[in-house]
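Enquirer: Attaching a single structure in structure tokens format; questions to follow.
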Amino acid sequence: MPHDASWQHAIERGWLRPLDVAFARFLDAQDPQAPAALPLLGALVSRQQADGHLCLDLAAWEALADDADWPAHWRTVLAGIATTPSTLQPSTLMASSDDPDATSSPLVLDGSRVYLRRYWDHEQRVAQAIGQRLSRVNDTSPLLASQLARLFPASTTEGPDWQRVACALAARGAFTVITGGPGTGKTTTVVRLLGLLQTLHHEASGRALRIRLAAPTGKAAARLQSSISSQIARLDVDDHVRTHIPSQVDTLHRLLGARPDSRRFRHDASHPLHLDVLVIDEASMIDLEMMSAVLAALPDDARLILLGDKDQLSSVEAGAVLGDLCRRAEQGHYSSATAIWLRDTTGDRIDAWTRDDAQPLDQHVAMLRHSHRFGAQSGIGGLAQRVNDGDAAQVRALLAEPHADIAWNDHAADSRSLADLVLHAGATRFLSQAGGAEPQGYRHYLQWMRQQRPAATAGVEAYDAWARGVLHAFGSFQLLCALRQGPFGADGLNRQIAGILQQAQLIDAGHEWYEGRPVLVTRNDYSLGLMNGDVGIALRVPDDQGNLQLRVAFEVAGDAGSDATRIRFVLPSRLGERETVYAMTVHKSQGSEFEHAALVLPGDASAVLTRELLYTGITRARRWFSLLAPASIVQLAVEQPVHRHSGLYQRWSSR
């Protein structure tokens with residue numbers, strides 16, 4: 001057990017947290033006779049979990065032994081562990097993964113990977129549950145080919161129609177992953193897939209499938225619900241099929257029945273969900289523990305369909321389940337048998353994506369490859385692709401070129417550059433387009449709020465329409481950042497932006513609540529019908545007596561089956577956990593899109609500046625993207641991909 005000075009030094013240097021050290025001391029107290037390396041190892045595993053890893057991979061941590069900043073005896077211990085992991089056993093603190101009798105040890109050694117017991121259990125359950133579904137291939141209907149032809153009458157793209165391929169693979173499997181970047185048609189694909197599954201099932205049994213839709217956050221759920229509702233009416237299926245395609249989307253917590261102040265859910269293996277098909281959108285945001293809970297509550301004979309962008313940021317909590325599932329999606333890795341079946345069923349030829357080392361998981365993953373949003377000339381689309389490729393030189397070259405949809409300020413943010421972005425959208429940095437629309441900053445929504453304000457005597461409908469207009473004007477621009485704290489974090493940027501808007505006399509921020517203040521709900525509030533991620537704006541509206549009072553306006557989903565939304569006004573005092581949202585972290589922006597997104601990165605290097613963060617920030621933009629960051633920071637982010645240690649992929653690939 002290291003002495004107290006070593007622990008304190010590790011905390012001060014940021015290698016460990018106080019919680020990690022407390023866990024190490026707990027281990028030492030549980031078994032003082034255990035090898036001296038175990039408490040240190042426990043602290044490192046705890047820290048790894050906090051950083052999003054499922055385990056500590058000893059093979060990947062050998063470099064720690066050469067880090068001159070670590071105490072000499074720590075480096076010696078780490079070197080010995082990495083070389084011979086088996087020397088850690090036996091102990092009541094750590095069990096081997098192949099010991100069926102050891103179920104209570106806090107640590108588990110599985111090959112070169114060390115886990116906290118709870119996360120090893122979750123990984124085992126997820127791997128087993130998905131593995132069972134991979135081995136189950138459903139009998140395909142003789143109507144499959146004709147129904148696919150009906151839903152996909154003509155392809156407008158060269159090569160395979162990957163949306164059709166995805167639907168075909170999902171129709172024969174109990175588990176399917178559909179991945180793709182923004183604008184590739186993930187939602188369109190799943191709507192057609194649900195129509196296909198309902199049609200085939202009704203023809204075979206005369207009954208309708210029980211389908212449920214879910215997403216990790218309230219914002220993602222509302223966005224999927226709005227998108228699906230608008231597409232169902234246009235779907236080429238029989239009317240009785242259309243009526244059984246749901247548009248209601250729940251958060252995963254609501255779907256599973258979250259219990260207050262507990263990690264447990266009402267639905268689990270003993271009380272499974274009542275459904276035949278479960279579709280989960282924005283699956284990149286799902287952590288391992290949540291995926292384990294979903295799979296436990298899923299009936300054995302139910303289909304699971306995951307949608308998401310494999311290149312986006314992973315979940316805030318530990319695990320990168322979608323990333324593990326889609327590790328080989330780019331190359332396809334389909335078997336020749338799958339290729340022949342698809343050719344005969346859909347007419348699509350995927351020979352270029354077949355491989356001799358095809359594995360069962362590969363046959364259940366479809367990647368949509370054609371972006372309907374970003375064309376060949378799109379700077380945003382090209383930039384996102386180059387970031388994904390990891391070529392920093394190409395990224396810098398593209399940013400340096402003039403574009404109508406990209407603007408780059410290659411300096412660290414200061415008050416002048418931030419004000420130009422917030423007030424004028426940095427518009428002079430975009431290549432102008434004659435007669436075209438221009439990007440907007442926050443001045444736009446505040447001016448709209450003042451200029452379009454209804455008369456005090458106007459009715460409820462007029463104020464609803466006004467509030468909706470203010471919210472839409474605000475949503476045309478969003479400033480994104482990488483950090484929570486510090487001058488370049490959300491907290492610091494929100495204060496700076498409020499000061500800029502105050503100085504420009506666009507807001508009166510002398511009090512906590514002022515007209516025009518945008519707020520982000522940070523925790524689901526079912527009593528108000530507001531979800532984590534919902535954005536509202538404080539506005540002065542008449543009360544029942546006609547007096548203007550400050551209320552926070554939110555645009556919330558309408559009734560199920562309708563793509564209409566409605567405005568809800570809430571007293572500021574009734575809002576629970578919320579924060580000002582001129583600036584939003586990229587993590588919190590997932591599941592959202594903005595006409596103009598601006599990403600501000602810090603001037604100093606940081607571990608959070610990754611390729612996935614940069615890609616996710618870029619792809620929040622629909623029409624314009626602004627980047628405020630030094631060239632060195634951009635290069636660092638492009639060359640720093642996220643690597644989350646996990647054993648999930650190895651478990652699937654070994655089947």
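Enquirer: Checking THR84 against (1) more than 27 Å from HIS587 (Cα to Cα); (2) open to solvent by 20 Å² or more (accessible area, probe 1.4 Å); (3) at pLDDT 85 or above: exactly one of these is not met. Which one?
Expert: The failed condition is (3).
Enquirer: Same structure, new question: Just give me the residues in the stretch 360-375 being closer than 21 Å to THR176 by Cα and either of a type in the set (Phe, Trp, Tyr) or open to solvent by 40 Å² or more (accessible area, probe 1.4 Å) (or both), in sequence order.
Expert: Result: PRO360, ARG369, HIS370.
Enquirer: Let me ask you something else. Output the residues belonging to the stretch 251-266 that are surrounded by fewer than 18 Cβ atoms within 10 Å (Cβ to Cβ) and at pLDDT 85 or above.
Expert: ARG254, GLY257, ARG266
Enquirer: Can I ask one more? LEU520 fails exactly one of the following numbered conditions: (1) part of a strand (DSSP E or B); (2) touching a Phe, Trp or Tyr at 6+ places or on another chain (Cβ under 7 Å). What is the number of that condition?
Expert: Going through the list (1) part of a strand (DSSP E or B); (2) touching a Phe, Trp or Tyr at 6+ places or on another chain (Cβ under 7 Å), LEU520 breaks only (2).
Enquirer: Right, here's the next one. Can you name every residue in the stretch 490-532 that is touching a Ser or Thr at 6+ places or on another chain (Cβ under 6 Å) and open to solvent by 10 Å² or more (accessible area, probe 1.4 Å)?
Expert: ASN494, ASN532 - these are the residues of the stretch 490-532 that are touching a Ser or Thr at 6+ places or on another chain (Cβ under 6 Å) and open to solvent by 10 Å² or more (accessible area, probe 1.4 Å).
Enquirer: Identify the residue in the stretch 434-479 that is over 22 Å from ASN494 (Cα atoms) and of a type in the set (Val, Ile, Thr) and, among all such residues, is most open to solvent (accessible area, probe 1.4 Å).
Expert: So the residue we want is THR457.
Residue-by-condition table, conditions (1) assigned to a strand (DSSP E or B); (2) under 29 Å from the mean Cα position of the chain (by Cα); (3) closer than 29 Å to MET290 by Cβ:
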{"position": "GLU317", "(1), (2), (3)": "no, yes, yes"}
{"position": "GLY323", "(1), (2), (3)": "no, yes, yes"}
{"position": "ALA337", "(1), (2), (3)": "no, no, no"}
{"position": "ASP344", "(1), (2), (3)": "no, no, no"}
{"position": "ASP348", "(1), (2), (3)": "no, no, no"}
{"position": "ALA358", "(1), (2), (3)": "no, yes, no"}
{"position": "LEU361", "(1), (2), (3)": "no, yes, yes"}
{"position": "MET367", "(1), (2), (3)": "yes, yes, yes"}
{"position": "HIS370", "(1), (2), (3)": "no, yes, no"}
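This table checks each residue for (1) basic (Lys, Arg); (2) open to solvent by less than 20 Å² (accessible area, probe 1.4 Å).
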position: ALA283; (1), (2): no, yes
position: SER292; (1), (2): no, yes
position: ALA302; (1), (2): no, yes
position: LEU307; (1), (2): no, yes
position: SER315; (1), (2): no, yes
position: LEU322; (1), (2): no, yes
position: ARG327; (1), (2): yes, no
position: GLU330; (1), (2): no, no
position: TYR334; (1), (2): no, yes
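Enquirer: Can you pull out every residue in the stretch 12-39 that is open to solvent by 40 Å² or more (accessible area, probe 1.4 Å), touching a residue at least 40 places away in the same chain (Cβ under 8 Å) and among the aliphatic types (A, V, I, L, M)?
Expert: Residue satisfying the conditions is ALA36 alone.
Enquirer: Would you say GLY529 is at positive phi and either within 26 Å of the chain's Cα centre (by Cα) or of a type in the set (D, E, K, R) (or both)?
Expert: Here the answer is yes, as GLY529 does meet what is asked.
Enquirer: Looking at PHE569 and the list (1) assigned to a loop (DSSP other than H, G, I, E, B); (2) at pLDDT 85 or above; (3) of a type in the set (A, V, I, L, M, F, W, C), which single condition is not satisfied?
Expert: (1)
Enquirer: Determine the pairs where a residue that is at pLDDT 85 or above, located within the stretch 524-549, has a partner that is of a type in the set (Asp, Glu) with Cβ atoms under 8 Å apart, the partner being 6 or more residues away or on another chain.
Expert: Taking only residues 6 or more apart or on different chains, the pairs are ALA538/GLU515; LEU539/GLU515; ARG540/GLU515; GLN549/ASP543.
Enquirer: Tell me yes or no: at least one residue of the stretch 197-210 is within 27 Å of VAL321 (Cβ to Cβ), within 24 Å of the chain's Cα centre (by Cα), open to solvent by less than 70 Å² (accessible area, probe 1.4 Å) and at pLDDT 85 or above.
Expert: No: the stretch 197-210 contains no residue that is within 27 Å of VAL321 (Cβ to Cβ), within 24 Å of the chain's Cα centre (by Cα), open to solvent by less than 70 Å² (accessible area, probe 1.4 Å) and at pLDDT 85 or above.
Enquirer: Right, another one. Any residue at all in the stretch 218-234 that is open to solvent by less than 40 Å² (accessible area, probe 1.4 Å), polar (S, T, N, Q) and either on the phi > 0 side of the Ramachandran plot or at pLDDT 90 or above (or both)?
Expert: Among the residues of the stretch 218-234, not one is open to solvent by less than 40 Å² (accessible area, probe 1.4 Å), polar (S, T, N, Q) and either on the phi > 0 side of the Ramachandran plot or at pLDDT 90 or above (or both), which makes the answer no.
Enquirer: Report the residue count in the stretch 127-147 for those that are exposed (fewer than 13 other Cβ atoms within 10 Å of the Cβ) and among the hydroxyl-bearing types (Ser, Thr, Tyr).
Expert: 2
The values are calculated or read from the model by the stated rules, or taken from the named source; none is laboratory data. Everything quoted here is computed from the prediction, not taken from an experiment. Positions of Cβ are generated from backbone atoms using ideal geometry, with glycine treated the same way; all protein chains shown enter the neighbour counts. All accessible areas refer to the heavy atoms of the entire protein, side chains included, with ligands and DNA or RNA removed. Shrake-Rupley method; radii C 1.70, N 1.55, O 1.52, S 1.80 Å.
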